[in-house]
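A.B. asks: Have a look at this one.
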Amino acid sequence: MKKRAFSILLLIAILATNLISCGEGQENVTNDDSDTTVSTDSSTETENRVSDDLPDGLDFGGEEVTFLYRAEVSSEFYADTANGDIVNDALYDSIRSVEERLNTDIVAVLREGHYVSVREEYMNHISSTVMAGDDAYDFVDLMIGNSPVRMQEGIFADLLQNKYIDVDKPYYLSKLVDTVAIDDKLYFISGDASLGYMKCAFCMYFNKRLVDEYQIEDLYTLVDEGKWTLDKLREISTIASQDINNDGKYDYDDKLGFVVHDSNHPKGFWFSTDTFFYDKNSDGNITYTYGDEKDTDVCNALYQLIYNTPGSFYPGVTNAVTDQQEKYNQISSKFASGDILIMTAELDDSVAQLRDMKDAYGILPYPKYDGSQPEYISGSRNTHNAFSMPITCGDPDMAGAVLEALSASNYNTVLPAYFEIALKQKYSHDDDSARMYDLIRETMILDFGYVYNNAIGSPEGIFANAIRSENSLASQVASNKTRLQTALDSYIEKYREMCG
């Protein structure tokens, strides 16, 4: 076994079996369903399997490959025992199969680092460990929005140089090099080695009973015909609302057509309306380009939808802040009780918040801007997982092979367990909802501005401010464009100094 010097007390993984949403303060829900008697078509499973291109006969002599992971959400990545839960046991079996195949010992070191109050300490621990030359970790888990912050310190290895990692495989998020690499170097990676990005995927849930009661057209048909747009969402929200207390506004006391559940959820529209803040040219140069006529139209449409539509409500709270948890949970309960037609969400909310809902509910992607937009586009909250390899990793080839094998194995076994069984068949109530899950997964992308937001001056703030007031985007861009381009240029200059 590889000897390692650990300078910290390893945390006990007491939360490993809990399903926790992507933000702080989410009520812990133990997924203790043990019904695994779901029929599957084995021929379809075989047809959909993918293989990695690792050479046969790799044998790493029982060496440890150690992953640092946020303890609070470790169940999305690691299971050290089988307990009868479908997803947990799929993770457990996947890890054991990779260990046996490559003759390695996969070790998860769990440390608190997910919630706002402990994120900085967690990141500082990573930096100090690597800078001290300690080879404690072969991979470290970070929220993808914080990966670029630490990447510029020069403490991570370029994963595109790893002999065993193939970023073009379907078990990694698509177009990683095109979207988030700088100078054709990639220092973090996200995909099926963890369920994090799927659990945090932006989506919308709707109450099927209310659709019937209000005689609203079939929402799945709207999606299929490419007609699920911002204008259609606004129209439907108005139909399904009631000002119960007659105070002239819509809030917690009313029946609501549309609710933005979390203050992070407007960012889902950033993806779905095909809006991007930066452009990368053929030479790899990145420029701030946000603010054209179409961007203005999108912001104005979102202002009308969120702030100026009868039946819409945006409480402005997030599950990432403990003090806001009560009001956040109030919205969850309101939807579950049947007082909200459509609510923004993240994919795992069906497990974490809606498992006891009596009414049948369905899932939708975020809407397109308008009918001329060719495709639906989905994104995931930037608190989801990304893995980076410290430059102190003792055996990059072994670590890369393990990540590749684990990603492929999870794609073939864990993702179906979560996606096909735990979500589609346990928690969704119809085949059309199951198809919507597929659509969201297939249209998932990363965006440079969102992923790098925390490191380059917070361009998302322009978007957030512009949708609060009609026709305000131009002034927002005029006030911030130079600052944001300067912040980006400074970041890239430091990045090239430290990582070049």
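A.B. asks: If I take R0 = 22 Å and measure r between the Cβ atoms of E497 and D397 in this structure, what FRET efficiency does the formula 1/(1 + (r/R0)^6) give, to the nearest 0.05? Each step should come with its number before you reach the end.
C.D. replies: Values: r = 28 Å, r/R0 = 1.25.
The pair E497/D397 has a calculated efficiency of 0.20.
A.B. asks: About the Cα centre, and with charges only on the beta carbon of Lys, Arg (+1) and Asp, Glu (-1), how big is the dipole of the range 55-98? Nearest 20 debye, please. Working shown, then result.
C.D. replies: Working: 2 positive and 10 negative charges, 20 e Å.
Dipole about the Cα centre, nearest 20: 100 debye.
A.B. asks: Using a simple spin-label model with points 7 Å from Cα along the Cα→Cβ vector, what separation in nm is obtained for S97 and A474?
C.D. replies: Calculated label separation equals 5.8 nm.
A.B. asks: Out of the range 192-231, which trypsin sites (Lys or Arg not before Pro) are coil in DSSP terms and have no more than 16 other C-beta atoms within 10 Å? The partial results should precede the final answer.
C.D. replies: Details: sites: K199, K208, R209, K227; in loops: K227.
Taking the range 192-231 and a limit of 16 other Cβ atoms within 10 Å, the loop trypsin sites (Lys or Arg not before Pro) found are K227.
A.B. asks: Okay, moving on. Hey, got the Cα dimensions of the range 131-193 along the principal axes, in Å, largest first?
C.D. replies: 35, 21, 21
A.B. asks: Residue separation times 0.36 nm, minus the C-alpha to C-alpha distance between S128 and Q373: what's the value? Walk me through the numbers before you get to the answer.
C.D. replies: Values: separation 245, 0.36 × 245 = 88.20 nm, distance 4.63 nm.
The span from S128 to Q373 would gain 83.6 nm if fully extended.
A.B. asks: Also: May I have the convex hull volume per residue, in Å³, for the Cα set of the range 222-361?
C.D. replies: In the range 222-361, the Cα convex hull volume per residue is 158 Å³.
A.B. asks: Measuring from a point 7 Å past the Cα of A360 along Cα-to-C-beta, which residues in the range 418-446 have an amide N at less than 20 Å?
C.D. replies: Counting backbone N atoms under 20 Å from the label point, the list is 420-439.
A.B. asks: For the range 248-275 and the range 404-457, what is the separation of their Cα centres, given in Å?
C.D. replies: 22 Å
A.B. asks: Rounded, prolate or oblate, given the Cα gyration tensor of the range 59-117, with a/c below 1.5 counting as rounded? Please list the in-between numbers first.
C.D. replies: Details: a/c = 3.60, a/b = 1.38, b/c = 2.60.
It comes out oblate by the Cα gyration axes.
A.B. asks: In whole percent, how big is the carbon plus sulfur part of the accessible area of the chain, probe 1.4 Å, protein atoms only? Can you show the working numbers first?
C.D. replies: Values: 8760 of 19420 Å².
Ligands and nucleic acids excluded, carbon and sulfur reach 45 percent.
A.B. asks: Can you tell me how much longer the chain between S490 and L160 gets when fully stretched, taken as 0.36 nm per residue apart minus their C-alpha distance, in nm with one decimal?
C.D. replies: Numbers: separation 330, 0.36 × 330 = 118.80 nm, distance 2.38 nm.
Residue separation times 0.36 nm, minus the Cα-Cα distance, leaves 116.4 nm.
A.B. asks: Okay, next question. In whole angstrom, how far apart do the alpha carbon centroids of the range 113-165 and the range 459-489 sit?
C.D. replies: 29 Å
A.B. asks: Quick one: grab the alpha carbon gyration tensor of the range 103-150, order the square roots of its eigenvalues as a ≥ b ≥ c, and give me rounded if a/c is under 1.5, else prolate or oblate depending on whether a/b is larger than b/c.
C.D. replies: Numbers: a/c = 1.87, a/b = 1.43, b/c = 1.31.
It is prolate, given that a/c is not under 1.5 and a/b is the larger ratio.
A.B. asks: Let me ask something else. Classify the range 218-268 from the C-alpha gyration tensor, please: rounded if a/c falls under 1.5, else prolate or oblate depending on whether a/b exceeds b/c. Don't skip to the answer; put the middle values down first.
C.D. replies: Working: a/c = 3.09, a/b = 1.57, b/c = 1.96.
Oblate, since a/c reaches 1.5 and b/c is not below a/b.
A.B. asks: If R0 is 25 Å, what FRET efficiency do you get for E442 and T221 from their C-beta distance, rounded to 0.05?
C.D. replies: Details: r = 19 Å, r/R0 = 0.76.
After rounding to 0.05, the efficiency reads 0.85.
A.B. asks: Between T238 and N308, what is the spin-label point distance in nm, taking each point 7 Å from the Cα along the Cα→C-beta axis?
C.D. replies: According to this spin-label approximation, the distance is 1.2 nm.
A.B. asks: Moving to a separate point now. Report the one residue of W228, V477, S241 whose Cα lies farthest in the direction of the positive end of the charge dipole of the chain (charges on C-beta: Lys and Arg +1, Asp and Glu -1; origin at the Cα centre).
C.D. replies: Ranked along the dipole, the leading option is V477.
A.B. asks: Kindly provide the chymotrypsin sites (Phe, Trp or Tyr not before Pro) of the range 244-331 that DSSP labels as loop, not H, G, I, E or B, and whose Cβ sees at most 15 other Cβ atoms within 10 Å.
C.D. replies: Y252
A.B. asks: Additional query: Relative to the longest principal axis of the chain, what angle (0 to 90°, nearest 10) does the C-alpha long axis of helix 86-102 take?
C.D. replies: Around 30 degrees separate the two axes.
A.B. asks: Does anyone have the angle between helix 396-412 and the longest principal axis of the chain? Alpha-carbon axes, 0 to 90°, nearest 10?
C.D. replies: Result, in degrees: 40.
A.B. asks: Do any GluC sites (Glu not before Pro) in the range 311-379 lie in a loop, going by DSSP, with at most 16 other beta-carbon atoms within 10 Å of their beta carbon, and if so which?
C.D. replies: Working: sites: E326, E346, E375; in loops: E375.
Hits after loop and neighbour filter: E375.
A.B. asks: Something else about it: Rounded to the nearest 0.05, what FRET efficiency do K249 and S117 give with R0 = 45 Å and r taken as the Cβ-Cβ distance? Could you check? If you can, show how the numbers build up before the last one.
C.D. replies: Details: r = 34 Å, r/R0 = 0.75.
My answer for the efficiency is 0.85.
A.B. asks: Moving on to the next point. Once you place label points 7 Å from the Cα toward the Cβ at D105 and D431, how far apart are they in nm?
C.D. replies: 4.9 nm
A.B. asks: Do the alpha carbons of any pairs in K199/K424; K185/K280; K208/K327; K199/K327 sit beyond 18 Å of each other, and which pairs? Could the numbers behind the result be given before it?
C.D. replies: Details: K199/K424 13 Å; K185/K280 14 Å; K208/K327 24 Å; K199/K327 22 Å.
Beyond 18 Å between Cα atoms: K208/K327; K199/K327.
A.B. asks: Quick one: net charge around Q242, please, counting Lys, Arg +1 and Asp, Glu -1 for every other residue with C-beta under 10 Å from its C-beta. Let's see the in-between values first.
C.D. replies: On the way: positive: K255; negative: D243, D254, D339.
Surrounding charge for Q242 is -2.
A.B. asks: Pairing the Cα long axis of helix 293-307 with the longest principal axis of the chain, what angle in degrees results, from 0 to 90 and rounded to the nearest 10?
C.D. replies: Tilt relative to the chain: about 70 degrees.
A.B. asks: Just to confirm, what accessible area per residue do you get for the chain at 1.4 Å probe, in whole Å²? All intermediate terms of the calculation are to be shown ahead of the outcome.
C.D. replies: On the way: 19420 Å² over 500 residues.
I get 39 Å² per residue for this part.
A.B. asks: Then there's this: Given H placed 1.01 Å from N in the peptide plane, which residues other than close sequence neighbours of Y361 have an amide H under 5 Å from its amide H?
C.D. replies: Sorted by chain and number, the residues that satisfy this are K208, H429.
A.B. asks: If amide hydrogens are placed 1.01 Å from N in the peptide plane, which non-local residues have theirs closer than 5 Å to the one on T104?
C.D. replies: Close amide H contacts, sequence-distant or interchain: G62.
The values are calculated or read from the model by the stated rules, or taken from the named source; none is laboratory data. Model, not experiment: these values are computed from the prediction. Because the Cβ atoms are built from the backbone with ideal geometry, glycine has one as well, and the counts that use them run over all protein chains shown. Side chains are part of the model used for accessible areas, which takes the heavy atoms of the whole protein and leaves out ligands, DNA and RNA. Shrake-Rupley method; radii C 1.70, N 1.55, O 1.52, S 1.80 Å.
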